[in-house]
Amino acid sequence: MHVYISCDMEGTAGVCSWRQCDPQNRHEYPIYRRYMSQEVRAAIDGAREGGATTIAINDSHSDMRNLLWDELPPDVRVISGSRKPFSMAQGLQPGLAGVFFTGYHAKVGDRDGVLAHTYTAETLYEVRVNGVPCSEALLNAAMAGYYGVPVLLITGDRVVVDDVAQHLPWVTGVAVKDGIGHYAADSLTPNAAQAAIRAGAREAMRRAGEAKPFTFAPPITLSLETARAEGADFIELMPGFERTGGRSVRFVHDDYRTIFRAFVAAFRLGGAANVTP
Ligand SMILES: [Zn+2]
């Protein structure tokens with residue numbers, strides 16, 4: 001059984017500030033990247049206890065070079081580095097037994113979502129697919145679903161865990177902290193979080209038979225609200241995108257892989273508009 005883990009950082013136990021997640025930060029980041037890595041290790045150990053044989057990990061935060069190799073067992077594969085065409089969903093493919101999301105966080109705009117955003121707070125104000133406001137977890141879950149692969153486990157703050165449970169009720173959720181607004185949290189300790197994640201991963205494997213691939217029904221409409229009008233100015237230049245308002249664009253396609261690629265291209269292009277000419 002081949003398990004794939006996409007690991008983010010903002011949803012790690014204890015994390016409540018960008019400084020803890022910023023690779024440029026020399027004080028707090030080295031501490032919290034270790035906790036992030038240890039949470040991934042806990043998910044790996046739980047997956048193995050639940051029957052996983054091979055494990056692939058996609059480092060999915062910021063520059064995607066966060067995981068500490070010496071915190072991982074020797075017999076896993078790790079995708080690291082940015083930029084990857086499928087970003088947080090790079091490496092998803094048919095034939096996987098299931099997907100884990102660790103260290104995930106609430107979507108942009110969510111109340112009490114610690115460091116809540118959806119891919120990029122600088123560029124995107126809201127992401128909807130078929131009218132559903134999407135977290136990174138939901139967008140990436142649909143990419144797994146495209147390949148017929150279910151999401152089995154999500155770990156992170158309570159808001160994202162509850163949000164995913166609404167759409168993917170078969171997922172095992174481990175909430176490691178409760179947000180107090182955007183920049184504070186009431187959290188488990190890293191040790192306790194890791195124990196809960198390990199147990200959750202084991203449980204997720206046990207329930208794998210009930211899990212379903214999550215998909216959006218075609219025709220699929222991607223609606224983006226950009227943080228600024230200049231972001232939409234850039235994105236609408238891409239063939240296939242339609243400008244729907246001052247800060248909004250739309251892209252429609254039957255194929256979710258094409259939707260996801262359009263999404264990645266759009267937030268990268270939209271981000272270029274943030275650079276002052
Ligand atoms: Zn992140």
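By count of other Cβ within 10 Å, fewest leading, how are 37, 248 ordered?
248, 37
Restricting to Cα pairs below 8 Å that are 6+ residues apart, what does the relative contact order work out to for the range 99-185? Please round to a whole percent. Kindly include the intermediate steps, with their values, before the conclusion.
Working: 167 pairs, mean separation 31.0, N = 87.
About 36 percent, as a whole number.
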**Message:** At a 10 Å Cβ-Cβ cut-off, how would you order 107, 212, fewest neighbours first?
**Reply:** 212, 107
**Fill in**
Nearest-0.05 FRET efficiency for residue 217 and residue 258 at R0 = 22 Å, using Cβ-Cβ distance, is 0.90
**Message:** Using alpha carbons only, how many angstrom separate the centre of the range 43-101 from the centre of the range 221-277?
**Reply:** 28
**Request:** Pull up all non-local amide H partners of residue 185: gap of 5 or more, or a different chain, and H-to-H distance under 5 Å with H placed in the peptide plane.
**Result:** 180
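Once R0 is set to 22 Å, what does the formula 1/(1 + (r/R0)^6) return for the Cβ-Cβ distance between residue 27 and residue 71, expressed as a FRET efficiency to the nearest 0.05?
Working: r = 20 Å, r/R0 = 0.89.
Computed FRET efficiency for residue 27 and residue 71: 0.65.
When only Cα pairs under 8 Å and 6 or more residues apart are kept, what is the percent relative contact order across the chain? Before the final figure, lay out the partial values.
Values: 661 pairs, mean separation 58.6, N = 277.
Relative contact order, the chain: 21 percent.
Here, each number is a calculation from the coordinates, and none is a lab measurement. All values derive from a computational prediction rather than experimental measurement. Methodologically, a virtual Cβ is constructed for each residue, glycine included, from the backbone with ideal geometry; neighbour enumeration extends over all protein chains shown.
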